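Here the structure comes first, spelled out in structure tokens, and everything after it is commentary.
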Amino acid sequence: YALNVGFNLLNKTIFGYFPFPWTVSAVHVVVGLVYCVAAYALGAKKASFGRPVTKAEFKTLLGPASMHAIGHIAANLSFAAVAISLTHTIKTLEPAFNVLLSKAILGTATPPAVMATLLPIMGGVALASASDLSFNWTGFIGAMLSNLTFGFRAVWSKAAMSSIKDLDSTAIYAYTTLISVLICVPGALIFEGPALKAGIQKAVAAEPNFYWSLATVGVLYHLYNQFAFNTLARVSPVSHGVCNVVKRIVIIGASVVFFGTKMSAQAKAGTAIAIAGTWLYTEAVQRAKPKAA
């Protein structure tokens, strides 16, 4: 939680004087890759790639890692465009995408009680979005695209983890970072490359510690994701979902205090309803599981 809050606050601060979300996304994963390569070179293989993967294993990881990269870019497009609180409120819709994709890809049916909990999530997001002072379509679409791609990531990662038995969660995220670099860096050069030089000059003038801030936010991003993968490997998906609900509350609260974000009563109510709906969703999923003999 601490790493996640630190990442969100510093990341949004950087966007205030360097509005280049494609480039910032690329920096996040490049810093993570440097961390992984350095750890591997120093002999800390368990803190990095673990072992070389086969072509077949790399192909298995390519799908979820690609969704991770695209979802990361989409989330940063949203973070740069709207308040952190709104982006994380919209991202409470992620369970709805997981339900739809689990049915479409894995053929997994969702109990009616679980489906019903998606209604307050959707209603709360709609209520908050309609009244948030920072709302714009770039931020909304970016957050929604992040929900979709992270839904694919969750479904495909589950399949990958079950088929690659002797690669732990840290190594899987290290390879996810490597593949993300191959996607994010070309995207940054294509979409923001021509304007980067002038943008960097303005950023350095506005913040002398600009490069240090980029390096720091990259380390925070890598470590919080690595710990999230480590946590997922040690707890049930439902427990991890509950942790994510609390995480969003902590991040929204911290961002409102740190940036002095003004939220209307309707936006506060919508955010609360969406978060409550996400908690109900995790509870319903737990109750819907067949009881152990």
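The values are calculated or read from the model by the stated rules, or taken from the named source; none is laboratory data. None of the values given here were measured: they were computed from a predicted structure. All Cβ positions, even for glycine, are placed from backbone atoms using ideal geometry, and neighbour counts span all protein chains on display. Each accessible area value is taken on the protein alone, full model and side chains, heavy atoms only, with ligands, DNA and RNA left out. Shrake-Rupley method; radii C 1.70, N 1.55, O 1.52, S 1.80 Å.
Sorting check: for 73-81, 50-58, 281-289, which peptide has the highest mean count of neighbouring beta carbons within 10 Å, and how do the rest follow?
Working: 73-81: 24.0, 50-58: 12.8, 281-289: 17.3.
Top to bottom by mean Cβ count within 10 Å: 73-81, 281-289, 50-58.
If you roll a 1.4 Å probe over the heavy atoms of the protein chains, what accessible area per residue do you get for the stretch 244-290, in Å²? Before the final figure, lay out each step's value.
Numbers: 2540 Å² over 47 residues.
Solvent-accessible surface per residue comes out at 54 Å².
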Notebook entry, point to check: Membrane-span-like helices in the chain: DSSP H runs reaching 15 Å or more (Cα, own axis), mean Kyte hydropathy at least 0.5?
Noted result: 2-17, 21-41, 55-81, 118-131, 137-163, 169-206, 237-259
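Considering only protein heavy atoms and a 1.4 Å probe, what is the carbon-and-sulfur percentage of the accessible area of the stretch 111-234? Display every interim value, and only then the final one.
Numbers: 4430 of 6140 Å².
Within the stretch 111-234, the accessible surface is 72 percent carbon and sulfur.
Could you work out the local net charge near Ala104, counting Lys and Arg as +1, Asp and Glu as -1, over the other residues with Cβ closer than 15 Å to its Cβ? Each step should come with its number before you reach the end.
Working: positive: Lys103, Arg153, Lys158; negative: none.
The answer is +3.
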Notebook entry, point to check: What FRET efficiency would be calculated for the residue pair Lys59, Thr231, taking the C-beta separation as r and a Förster radius of 30 Å, to the nearest 0.05?
Noted result: 0.70
Next item on the list: Take the alpha-carbon centre of the stretch 204-220, take the same for the stretch 253-284, and report the distance between them in whole Å.
Entry: 29
Next item on the list: Compare the peptides 36-47, 126-137 by average per-residue count of other Cβ atoms within 10 angstrom and give them in order, highest first.
Entry: 126-137, 36-47
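With a probe of 1.4 Å, find how much accessible area the stretch 144-190 has per residue, and write the answer as a whole number in Å².
Working: 1920 Å² over 47 residues.
On a per-residue basis, 41 Å².
Taking the Cβ of Thr278 as the center, what net charge do the other residues with Cβ under 9 Å away carry, scoring Lys and Arg +1 and Asp and Glu -1? Please report the intermediate quantities before stating the final value.
Working: positive: Arg248; negative: Glu94.
That works out to 0.
Contour minus end-to-end for Thr216 and Ala288, with contour as 0.36 nm per residue of separation and end-to-end as the Cα-Cα distance? Could the numbers behind the result be given before it?
Values: separation 72, 0.36 × 72 = 25.92 nm, distance 4.18 nm.
Gain in length upon complete extension: 21.7 nm.
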Next item on the list: Give the Cα extents of the stretch 140-252 along the principal axes, in whole Å, largest first.
Entry: 47, 31, 28
Notebook entry, point to check: For a paramagnetic label modelled at 7 Å from the Cα of Lys46 toward its Cβ, which residues of the stretch 169-191 fall within the zone defined by backbone nitrogen distances under 14 Å?
Noted result: 169-171
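For Phe258 and Tyr1, what does the FRET efficiency come to when R0 = 25 Å and r is the distance between their Cβ atoms, rounded to the nearest 0.05?
After rounding, the FRET efficiency stands at 0.95.
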Checklist line | Label-point gap, in nm, between Lys197 and Val34 - each point 7 angstrom along Cα→Cβ | finding: 2.2
Notebook entry, point to check: Taking the inverse of the average 1/r across all pairs of different Cα atoms in the stretch 64-103, what Kirkwood radius in Å do you get?
Noted result: 11.1
Next item on the list: Taking only protein heavy atoms into account and a 1.4 Å probe, give the accessible area per residue of the stretch 9-113 in Å².
Entry: 40
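Using the Kirkwood radius over C-alpha pairs as Rh, can you work out the diffusion coefficient of the stretch 19-67 via Stokes-Einstein at 10 °C, viscosity 1.306 mPa s, in µm² per second?
Values: Rh = 12.4 Å.
Translational diffusion coefficient: 128 µm²/s.
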Notebook entry, point to check: What aspartates and glutamates sit close enough to Lys103 to cross-link, taking a C-alpha to C-alpha distance under 20 Å and skipping anything fewer than 8 places away on the same chain?
Noted result: Glu94, Glu283
Checklist line | Convex hull volume of the chain per residue (C-alpha atoms, cubic angstrom) | finding: 138
Next item on the list: Can you give me the P(r) profile for the stretch 94-154? Cα pairs, bins 5 angstrom wide beginning at 0, each as a whole percent.
Entry: 4, 16, 22, 23, 18, 10, 5, 1
